[in-house]
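Below is one structure; the comments refer to it alone.
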(Lines give C-alpha, C1' and ligand atoms only; values in the text may rest on other atoms or scores of the structure.)
Protein backbone atom coordinates (compact mmCIF):
# COMPACT_ATOMS: atom_id res chain seq x y z
CA UNK A 1 0.00 0.00 0.00
CA UNK A 2 1.08 3.58 -0.58
CA UNK A 3 1.95 5.51 2.54
CA UNK A 4 -1.19 7.62 2.64
CA UNK A 5 0.08 10.28 5.03
CA UNK A 6 3.09 10.95 2.85
CA UNK A 7 1.20 10.79 -0.39
CA UNK A 8 -0.79 13.83 0.67
CA UNK A 9 2.45 15.80 0.88
CA UNK A 10 3.59 16.16 -2.71
CA UNK A 11 4.43 19.82 -3.00
CA UNK A 12 5.77 20.43 -6.48
CA UNK A 13 7.67 23.62 -7.07
CA UNK A 14 8.76 25.04 -10.44
CA UNK A 15 12.54 25.30 -10.71
CA UNK A 16 12.36 27.33 -13.91
CA UNK A 17 10.62 27.79 -17.24
CA UNK A 18 10.90 26.23 -20.69
CA UNK A 19 10.87 28.37 -23.82
CA UNK A 20 9.84 26.84 -27.13
CA UNK A 21 8.38 28.08 -30.43
CA UNK A 22 4.95 26.57 -29.69
CA UNK A 23 2.17 28.72 -28.26
CA UNK A 24 -0.61 26.16 -27.98
CA UNK A 25 -1.06 22.41 -27.53
CA UNK A 26 -2.30 22.26 -31.14
CA UNK A 27 1.00 23.72 -32.41
CA UNK A 28 3.20 21.29 -30.48
CA UNK A 29 4.94 18.54 -32.48
CA UNK A 30 4.10 14.89 -31.83
CA UNK A 31 7.50 14.61 -30.17
CA UNK A 32 10.60 16.76 -29.94
CA UNK A 33 12.41 14.83 -32.65
CA UNK A 34 9.66 15.27 -35.23
CA UNK A 35 10.57 18.83 -36.41
CA UNK A 36 13.44 18.76 -38.91
CA UNK A 37 15.52 20.72 -38.15
CA UNK A 38 14.71 20.68 -34.43
CA UNK A 39 14.53 24.29 -33.20
CA UNK A 40 16.72 25.60 -30.40
CA UNK A 41 14.75 25.86 -27.15
CA UNK A 42 15.82 27.06 -23.71
CA UNK A 43 15.36 26.12 -20.08
CA UNK A 44 15.81 29.02 -17.69
CA UNK A 45 16.41 28.09 -14.06
CA UNK A 46 15.20 30.33 -11.22
CA UNK A 47 17.96 32.11 -9.24
CA UNK A 48 17.45 29.89 -6.17
CA UNK A 49 18.37 26.78 -8.19
CA UNK A 50 21.39 27.93 -10.24
CA UNK A 51 23.77 26.29 -7.75
CA UNK A 52 22.27 22.93 -8.76
CA UNK A 53 23.67 23.30 -12.30
CA UNK A 54 27.28 22.90 -11.16
CA UNK A 55 29.17 20.32 -13.30
CA UNK A 56 26.37 20.01 -15.86
CA UNK A 57 28.79 20.86 -18.66
CA UNK A 58 29.99 17.72 -20.45
CA UNK A 59 26.65 15.96 -20.51
CA UNK A 60 25.53 15.81 -24.13
CA UNK A 61 21.95 14.95 -23.20
CA UNK A 62 19.64 15.72 -20.30
CA UNK A 63 16.24 14.51 -19.15
CA UNK A 64 13.84 17.38 -18.50
CA UNK A 65 10.68 16.88 -16.46
CA UNK A 66 8.01 19.56 -16.73
CA UNK A 67 4.45 20.27 -15.70
CA UNK A 68 2.10 20.24 -18.67
CA UNK A 69 -0.26 22.79 -17.16
CA UNK A 70 -2.14 23.60 -20.36
CA UNK A 71 -3.33 20.13 -21.31
CA UNK A 72 -6.91 18.99 -20.94
CA UNK A 73 -8.12 16.67 -18.19
CA UNK A 74 -6.72 13.14 -18.03
CA UNK A 75 -7.98 10.56 -20.50
CA UNK A 76 -7.31 6.96 -19.43
CA UNK A 77 -7.77 5.54 -22.90
CA UNK A 78 -8.28 7.01 -26.35
CA UNK A 79 -7.98 6.12 -30.01
CA UNK A 80 -4.94 7.87 -31.53
CA UNK A 81 -5.55 9.65 -34.86
CA UNK A 82 -3.21 7.25 -36.66
CA UNK A 83 -4.68 4.12 -35.11
CA UNK A 84 -7.86 2.05 -35.20
CA UNK A 85 -8.42 1.04 -31.58
CA UNK A 86 -8.29 2.52 -28.09
CA UNK A 87 -4.95 2.53 -26.28
CA UNK A 88 -4.32 3.05 -22.57
CA UNK A 89 -2.66 6.32 -21.56
CA UNK A 90 0.25 4.40 -19.99
CA UNK A 91 1.06 2.81 -23.36
CA UNK A 92 1.23 6.24 -25.01
CA UNK A 93 3.13 9.50 -24.51
CA UNK A 94 -0.04 11.58 -24.72
CA UNK A 95 0.06 14.57 -22.33
CA UNK A 96 -3.42 13.85 -20.90
CA UNK A 97 -2.04 11.76 -18.03
CA UNK A 98 -3.31 11.40 -14.43
CA UNK A 99 -0.16 13.31 -13.41
CA UNK A 100 0.70 15.59 -16.36
CA UNK A 101 4.46 15.34 -15.96
CA UNK A 102 6.19 15.64 -19.32
CA UNK A 103 9.54 14.03 -20.05
CA UNK A 104 11.94 14.84 -22.87
CA UNK A 105 15.42 13.52 -23.55
CA UNK A 106 17.03 16.67 -24.94
CA UNK A 107 20.36 17.47 -26.55
CA UNK A 108 22.23 19.95 -24.34
CA UNK A 109 24.09 22.61 -26.29
CA UNK A 110 25.59 24.71 -23.52
CA UNK A 111 24.65 27.67 -21.35
CA UNK A 112 23.64 31.25 -22.04
CA UNK A 113 24.72 33.12 -18.93
CA UNK A 114 24.53 31.23 -15.64
CA UNK A 115 20.83 30.36 -15.67
CA UNK A 116 19.79 29.32 -19.18
CA UNK A 117 20.38 25.97 -20.89
CA UNK A 118 20.21 25.68 -24.67
CA UNK A 119 18.46 22.45 -25.65
CA UNK A 120 16.88 20.70 -28.62
CA UNK A 121 14.07 18.13 -28.89
CA UNK A 122 11.52 19.75 -26.56
CA UNK A 123 7.88 19.29 -27.55
CA UNK A 124 5.93 21.41 -25.05
CA UNK A 125 4.30 24.84 -25.00
CA UNK A 126 6.31 28.00 -24.44
CA UNK A 127 6.25 28.95 -20.76
CA UNK A 128 5.88 25.40 -19.42
CA UNK A 129 7.05 25.14 -15.78
CA UNK A 130 10.25 23.10 -15.38
CA UNK A 131 10.28 20.55 -12.54
CA UNK A 132 13.62 18.76 -12.80
CA UNK A 133 16.81 18.37 -14.80
CA UNK A 134 18.53 14.99 -14.70
CA UNK A 135 21.72 14.02 -16.50
CA UNK A 136 21.01 11.43 -19.20
CA UNK A 137 23.10 8.35 -18.44
CA UNK A 138 23.61 5.85 -21.22
CA UNK A 139 24.47 3.31 -18.52
CA UNK A 140 20.92 3.33 -17.12
CA UNK A 141 18.70 5.20 -19.62
CA UNK A 142 19.70 3.75 -22.99
CA UNK A 143 18.01 0.57 -24.27
CA UNK A 144 18.71 0.27 -28.00
CA UNK A 145 17.31 -3.28 -28.18
CA UNK A 146 13.98 -2.26 -26.65
CA UNK A 147 10.71 -3.05 -28.42
CA UNK A 148 7.83 -0.61 -28.77
CA UNK A 149 4.71 -2.78 -28.79
CA UNK A 150 1.78 -1.29 -30.71
CA UNK A 151 3.82 1.85 -31.45
CA UNK A 152 6.50 -0.07 -33.34
CA UNK A 153 4.73 0.37 -36.67
CA UNK A 154 3.94 4.06 -36.12
CA UNK A 155 7.09 5.53 -34.64
CA UNK A 156 9.58 7.31 -36.82
CA UNK A 157 12.76 9.10 -35.99
CA UNK A 158 13.84 12.17 -37.87
CA UNK A 159 17.06 13.82 -36.73
CA UNK B 1 8.18 33.55 -17.00
CA UNK B 2 6.28 30.62 -15.55
CA UNK B 3 2.53 31.04 -15.43
CA UNK B 4 2.28 31.70 -11.70
CA UNK B 5 -1.44 31.04 -11.37
CA UNK B 6 -1.10 27.62 -12.95
CA UNK B 7 2.06 26.75 -11.11
CA UNK B 8 0.13 26.83 -7.86
CA UNK B 9 -2.11 24.06 -9.18
CA UNK B 10 0.09 21.01 -9.31
CA UNK B 11 -1.98 18.33 -7.64
CA UNK B 12 -0.04 15.08 -7.82
CA UNK B 13 -1.95 11.89 -7.22
CA UNK B 14 -0.49 8.41 -6.71
CA UNK B 15 -1.59 5.98 -9.42
CA UNK B 16 -0.18 2.99 -7.57
CA UNK B 17 2.67 1.63 -5.48
CA UNK B 18 6.11 0.20 -6.16
CA UNK B 19 7.33 -2.92 -4.38
CA UNK B 20 11.04 -3.55 -4.06
CA UNK B 21 13.35 -5.47 -1.69
CA UNK B 22 14.68 -2.26 -0.11
CA UNK B 23 13.25 -1.01 3.17
CA UNK B 24 15.33 2.13 3.68
CA UNK B 25 17.20 4.72 1.64
CA UNK B 26 20.45 3.25 2.98
CA UNK B 27 19.59 -0.17 1.54
CA UNK B 28 18.77 1.13 -1.94
CA UNK B 29 21.30 0.43 -4.70
CA UNK B 30 23.08 3.32 -6.41
CA UNK B 31 20.92 2.59 -9.43
CA UNK B 32 18.58 -0.16 -10.53
CA UNK B 33 21.21 -1.80 -12.73
CA UNK B 34 23.80 -2.11 -9.97
CA UNK B 35 22.45 -5.30 -8.30
CA UNK B 36 23.51 -8.41 -10.19
CA UNK B 37 21.21 -10.18 -10.68
CA UNK B 38 18.60 -7.40 -10.61
CA UNK B 39 15.71 -8.52 -8.41
CA UNK B 40 12.15 -8.75 -9.67
CA UNK B 41 10.10 -5.76 -8.47
CA UNK B 42 6.45 -4.89 -9.01
CA UNK B 43 4.31 -1.85 -9.76
CA UNK B 44 0.71 -2.22 -8.64
CA UNK B 45 -1.75 0.21 -10.20
CA UNK B 46 -4.81 1.41 -8.28
CA UNK B 47 -8.19 0.14 -9.59
CA UNK B 48 -9.14 3.56 -11.00
CA UNK B 49 -6.15 3.49 -13.37
CA UNK B 50 -6.15 -0.09 -14.67
CA UNK B 51 -7.87 1.03 -17.88
CA UNK B 52 -4.76 3.07 -18.67
CA UNK B 53 -2.67 -0.10 -19.02
CA UNK B 54 -4.44 -1.19 -22.21
CA UNK B 55 -1.93 -2.15 -24.97
CA UNK B 56 1.07 -2.01 -22.64
CA UNK B 57 2.02 -5.57 -23.59
CA UNK B 58 4.76 -5.63 -26.21
CA UNK B 59 6.84 -2.83 -24.71
CA UNK B 60 10.04 -4.38 -23.43
CA UNK B 61 10.92 -1.32 -21.34
CA UNK B 62 8.95 1.33 -19.48
CA UNK B 63 9.79 4.61 -17.78
CA UNK B 64 8.44 4.78 -14.24
CA UNK B 65 8.12 8.08 -12.39
CA UNK B 66 7.67 7.93 -8.64
CA UNK B 67 7.57 10.15 -5.60
CA UNK B 68 10.61 9.66 -3.39
CA UNK B 69 8.73 10.50 -0.22
CA UNK B 70 11.33 9.12 2.20
CA UNK B 71 14.37 11.11 1.10
CA UNK B 72 15.82 13.96 3.11
CA UNK B 73 15.37 17.61 2.21
CA UNK B 74 16.79 18.88 -1.09
CA UNK B 75 20.52 19.47 -1.37
CA UNK B 76 21.47 21.74 -4.28
CA UNK B 77 25.09 20.63 -4.32
CA UNK B 78 27.09 17.98 -2.53
CA UNK B 79 30.32 16.03 -2.79
CA UNK B 80 29.59 12.42 -3.83
CA UNK B 81 31.35 9.71 -1.78
CA UNK B 82 33.36 8.62 -4.83
CA UNK B 83 34.34 12.13 -5.86
CA UNK B 84 36.55 14.97 -4.69
CA UNK B 85 34.50 18.09 -5.40
CA UNK B 86 30.93 19.36 -5.06
CA UNK B 87 28.50 18.61 -7.88
CA UNK B 88 25.15 20.28 -8.57
CA UNK B 89 22.04 18.18 -7.96
CA UNK B 90 21.01 18.59 -11.63
CA UNK B 91 24.24 16.92 -12.75
CA UNK B 92 23.54 13.91 -10.52
CA UNK B 93 20.77 11.36 -10.04
CA UNK B 94 20.75 11.85 -6.26
CA UNK B 95 17.21 11.63 -4.82
CA UNK B 96 17.57 14.85 -2.78
CA UNK B 97 16.09 17.01 -5.55
CA UNK B 98 13.92 20.16 -5.30
CA UNK B 99 11.10 17.98 -6.68
CA UNK B 100 11.84 14.42 -5.52
CA UNK B 101 10.51 12.71 -8.64
CA UNK B 102 12.40 9.49 -9.30
CA UNK B 103 12.81 8.05 -12.79
CA UNK B 104 13.79 4.52 -13.74
CA UNK B 105 13.99 2.89 -17.13
CA UNK B 106 12.81 -0.61 -16.24
CA UNK B 107 12.57 -3.91 -18.08
CA UNK B 108 8.91 -4.95 -18.28
CA UNK B 109 8.37 -8.67 -17.79
CA UNK B 110 4.59 -8.93 -18.04
CA UNK B 111 1.57 -8.69 -15.77
CA UNK B 112 0.41 -10.51 -12.67
CA UNK B 113 -3.36 -10.23 -12.78
CA UNK B 114 -4.78 -7.03 -14.26
CA UNK B 115 -3.14 -4.51 -11.97
CA UNK B 116 0.48 -5.54 -11.32
CA UNK B 117 3.48 -5.09 -13.60
CA UNK B 118 6.60 -7.19 -13.12
CA UNK B 119 9.70 -5.04 -13.65
CA UNK B 120 13.44 -5.04 -13.08
CA UNK B 121 15.94 -2.21 -12.47
CA UNK B 122 14.04 -0.24 -9.84
CA UNK B 123 16.18 1.45 -7.20
CA UNK B 124 13.68 2.90 -4.72
CA UNK B 125 12.23 1.96 -1.35
CA UNK B 126 9.42 -0.56 -1.01
CA UNK B 127 6.07 1.25 -0.89
CA UNK B 128 7.12 4.24 -3.00
CA UNK B 129 4.11 5.99 -4.58
CA UNK B 130 3.95 5.57 -8.37
CA UNK B 131 3.17 8.72 -10.38
CA UNK B 132 3.34 7.69 -14.02
CA UNK B 133 4.11 4.87 -16.44
CA UNK B 134 5.40 5.84 -19.88
CA UNK B 135 6.33 3.48 -22.69
CA UNK B 136 10.08 3.62 -23.37
CA UNK B 137 10.58 4.62 -27.00
CA UNK B 138 13.95 3.98 -28.55
CA UNK B 139 13.02 6.59 -31.17
CA UNK B 140 13.03 9.42 -28.62
CA UNK B 141 14.59 8.08 -25.40
CA UNK B 142 17.69 6.23 -26.59
CA UNK B 143 20.97 8.13 -27.09
CA UNK B 144 23.80 5.58 -27.29
CA UNK B 145 26.34 8.20 -28.37
CA UNK B 146 25.63 10.45 -25.39
CA UNK B 147 28.43 11.62 -23.12
CA UNK B 148 28.21 11.68 -19.33
CA UNK B 149 30.40 14.58 -18.27
CA UNK B 150 31.96 14.21 -14.83
CA UNK B 151 30.16 10.88 -14.34
CA UNK B 152 31.87 9.27 -17.33
CA UNK B 153 34.74 7.95 -15.22
CA UNK B 154 32.52 6.71 -12.39
CA UNK B 155 29.59 5.04 -14.12
CA UNK B 156 29.51 1.34 -14.62
CA UNK B 157 26.86 -0.88 -16.12
CA UNK B 158 26.26 -4.34 -14.78
CA UNK B 159 23.50 -6.33 -16.39
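Just checking, does the range B:128-142 include any residue being more than 7 Å from chain A (Cβ to nearest Cβ), in contact (Cβ under 8 Å) with a residue 24 or more places away in the chain and not in a helix (DSSP H, G or I)?
yes
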Looking only at the range A:39-62, which residues are at the interface with chain B (Cβ under 9 Å from one of its Cβ atoms), farther than 21 Å from residue B:74 by Cα and within 18 Å of the chain's Cα centre (by Cα)? A:59, A:60, A:61
Against the conditions (1) in contact with a strand residue (DSSP E or B) (Cβ under 9 Å, 6 or more places away or on another chain); (2) within 12 Å of chain A (Cβ to nearest Cβ); (3) exposed (fewer than 15 other Cβ atoms within 10 Å of the Cβ), where does residue B:16 fall short? Just the number, please. (3)
If you go through the range B:1-20, how many residues are at pLDDT 95 or above and either farther than 27 Å from residue A:136 by Cβ or not in a loop (DSSP other than H, G, I, E, B) (or both)? 4
Restricting to the range A:93-127, what's the tally of residues that are in contact (Cβ under 8 Å) with a residue 40 or more places away in the chain and farther than 29 Å from residue B:34 by Cβ? 16
Kindly provide the set of residues from the range B:35-64 that are assigned to a loop (DSSP other than H, G, I, E, B) and surrounded by 16 or more Cβ atoms within 10 Å (Cβ to Cβ), ordered by number. B:35, B:38, B:54, B:55, B:56, B:60
For the range B:108-116, indicate whether the set of residues that are more than 13 Å from the chain's Cα centre (by Cα), at the interface with another protein chain (Cβ under 7 Å from one of its Cβ atoms), under 24 Å from residue A:151 (Cα atoms) and in a strand (DSSP E or B) is non-empty. no
Meets criteria (over 26 Å from residue A:14 (Cβ atoms), in a loop (DSSP other than H, G, I, E, B) and more than 7 Å from every other protein chain (Cβ to nearest Cβ)) for residue B:85: yes
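The values are calculated or read from the model by the stated rules, or taken from the named source; none is laboratory data. Everything quoted here is computed from the prediction, not taken from an experiment. Cβ: placed from backbone, ideal geometry, glycine included. Neighbour counts: every protein chain shown.
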